[in-house]
Each structure stands twice: as C-alpha cells, then as structure tokens.
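Here the structure comes first, spelled out in structure tokens, and everything after it is commentary.
Values in this text are rule-based calculations from the coordinates and carry no lab data. Note that the structure is a prediction, hence the values are computed from the model and not measured. Methodologically, a virtual Cβ is constructed for each residue, glycine included, from the backbone with ideal geometry; neighbour enumeration extends over all protein chains shown.
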Amino acid sequence: MKQLGFILALIFILMPMISLAQDRISENLNLKNELYLKSFDFEPKQINTADSEQTVNFLATIYAKNGLMNNSSTGFATQATFLGPHSFSNKSSWFSKPEMNAIFLPPSVLGDSTNGTYKGTIDFPKGTAEGVWQLESIKLVDNQGQIRELKGDDLESLPKELQIKVSKLKWIGILIGVPLAVAIILMAIFGLMKDPFSRIFGILGFEAKKNSGDTKGIRTMYKGQDGATSSSKFQFLLWVCVVLYAYIIIVSDAYMNHRMGSLGLSVPDNLLLAMGLSTTTMLAAKGITSKYVEEKKIDKSETKGGLFYDDHGYPDLSQIQLISWTVIGIGIFLLKTLSDVIGSSGAVSGLPDIDQTLLMLMGIGQGAYIGKKIITKDASVQ
C-alpha cells in the first residue's frame, strides 16, 4: 500500500509539469507556424571603414501572421545582431565584443504585412573594429509581442560574415607587436635580458636567476662551451622561434580578427617530424662532443669554429648544408603561415605543413652533419 501511495503521489506531482511542458511545445510549434524567416541577405559583404563611414543594407523576407512590431527599441524590434572582432585602438573591445544591430520595421518594401520583405541598415562609423563581424542572432517580434529568436543551427544556411578590411596598422600589431611583446616577456622571465626588464620581472617574482648579474644574454643559447656558434644549437633555436612565432600570430589573428579565443591548434605530422629531427640533431651533437672531449679524442680548449666553419676555421660542407636546408625549410614554413593568416577569410585552425620532399632533404642534411661529427676525432665539427 505504501508503494502504491508513493506512485500516486508521484503521478500527481508530475502531471502538472508534463501538462506545462506539452503546452510550451504546442506554443512553440504554433509560433513557428505564425512567425518565421523566409530569407535573409545583405550587401556589401566587404567594406573599408579606414577613411569614412560605410552603410550595409539588409533585406529580410518574413512571414508574420499578426504583422511585425513597429517598435525601434533594441529589445522589442525585429533585428539582426552582429558581433565584431577585438580592436587594438579601442580598449573597451580588447576583451568584450562590439555589437551592431540591423532593425527591420514595417511597412514592408515588398509584399504585405503578413508576408513581406523588410529593409534594414547598419552604419559602420569610421574606425569601426576591423576584421570579421559575425551574425549572432535574428530576433523576430510580431505585433502581439511574441518573440522568436534564431541562433546557432537556425542560421546555418544564411550569410553570416561581414568583413571589414584590416588596416596595415592592425596587421603590424598582430604580426610584429604581439610576438615582440611575448618575446620580451619570455626573455625577461627566463633571465635572458638584463636591466631594466629582468629587474621588473624579478620584483614580480618571475626572475629565472637569483642573481640577475649572472645573466649572459641570449647569444649563449646558440653557442658551445668554447664560445663558438654551434650549428646544431642554432638550427634548433631557429625552429623553436619560428614555430612559436607562427603559433602566436595565428592565435592573435583568430582572437583579434575573428573573435575566436581558442589556444588549441592542430599540428601536422611533417612539422612534428621536422621539430623531432632538429631536437635529435642537437642532442646527438652535444652527446658526441661531450663523449669525445671526455675521452680526450678532441680538444675544445682552442677552436676557431663557427656556424659554417670547423674547429680549424675552414668552411665545412656538412654545416653549410645543415643550415641551408634549415633556412629554406623555415622560410617556406613562414611564407605559408603568413599566406594562411593574411590571405584566409576565416580563422586559421592549425600550423602549416612542411612538404615531404623538403623534410627528406632536411633529414639528409642533419644526417650528414651527425655522421661527420661521429667520424671526426682530431677536431670536432661545431
């Protein structure tokens, strides 16, 4: 009996909720039949607000059984809402998203009040945030105050992107300004810069060394213990800097021009292989040199080597080949990155790939460098 009573109580509790849900579903179905968007478009889809104000015209064909609300208030008007990109020049839009609305009011320019085409406009003032403005939602409001809002998948088949030409100044900020700021911060944190930056970050608790006077400078990153430029360290440093730079500008472009804040980028297999080869070459060269010095097979106390020279000061073909293919590979990678970022209408979702033939040539150059280092015992190859 207790179980039966519990079941009956549960039924009495759930019945009003089920009835309310059914009423809501019925209301939504009726509203979809009484108020819906038939078509939507706008022109032009690309504008330039660098020198003057620009106007974009919108047309929306709407079926409204009760006619559209004749009210220009943002919350109670039929409108299309666009969200804009972030801007360097406008501090308020660094983290927020600027918004613009195209409002559609009766009378219709074509058709009647029930089934008509309505015109709306947006005036983009001079200096409007540059990049891609994205259609966020379309709100339909009929004469009885019923509201239907279209978002997400409801906008799938509609034109959604309005592009405002990005100025040279903003591109300079994305391609040079942001990477430079990141580089300064990283070098200060890792103790690669001297005063005043290292002192500032030391006060903040980010110092890499307790005694900032011990800082040797960034050049020590690509030099061997003998003070000569190490080819293996130099090529590794180049790859690290270039891939980091590509990552920064792709993320900066996505955030500043496309309102996308994701830090996750896809990394192609060939790029991973190139980075792996570069790392392996540096570690192998370091291991071989350390072992030969320890076994006294080579003497590193007095060398005349360098980026393209052996320890006797003569040009070394294996080092020249290693650096040449590295520079060519990095150059092509950078060109692809810049082409993707500047030339693409949408946000770039991943780092560019490296051609397989070029990857093989780079591998041959690194193999030749390591091979010569192994067989050279009277003087090392830096």
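Quick look at the numbers
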| item | result |
| --- | --- |
| Distance in nm between pseudo-label sites at L186 and S113 (7 Å out along the Cβ direction from Cα) | 6.4 nm |
| Gain on full stretching of the segment that runs from Q46 to S157 - 0.36 nm per residue minus C-alpha separation | 38.1 nm |
| Label-reachable residues, the stretch 144-172, where backbone N falls under 18 Å from a point 7 Å from T61's Cα toward its Cβ | 155-160 |
| Neighbour-count order for T289, T61, T357, fewest beta carbons within 10 angstrom listed first | T357, T61, T289 |
| Pairwise FRET efficiency - S72 versus L358, Cβ, R0 = 45 Å, nearest 0.05 | 0.15 |
| Spin-label model distance (nm) - I332 vs N101, 7 Å beyond Cα toward Cβ | 5.3 nm |
| Cβ-based exposure ranking for E136, E130, in which fewest neighbours within 10 Å come first | E136, E130 |
| Restraint check, K233/K372; K97/K160; K45/K97; K223/K336; K291/K372; K45/K126, Cα-Cα greater than 27 Å | K223/K336 |
| Packing-based exposure ordering (other Cβ within 10 Å, fewest first) of L265, L351 | L265, L351 |
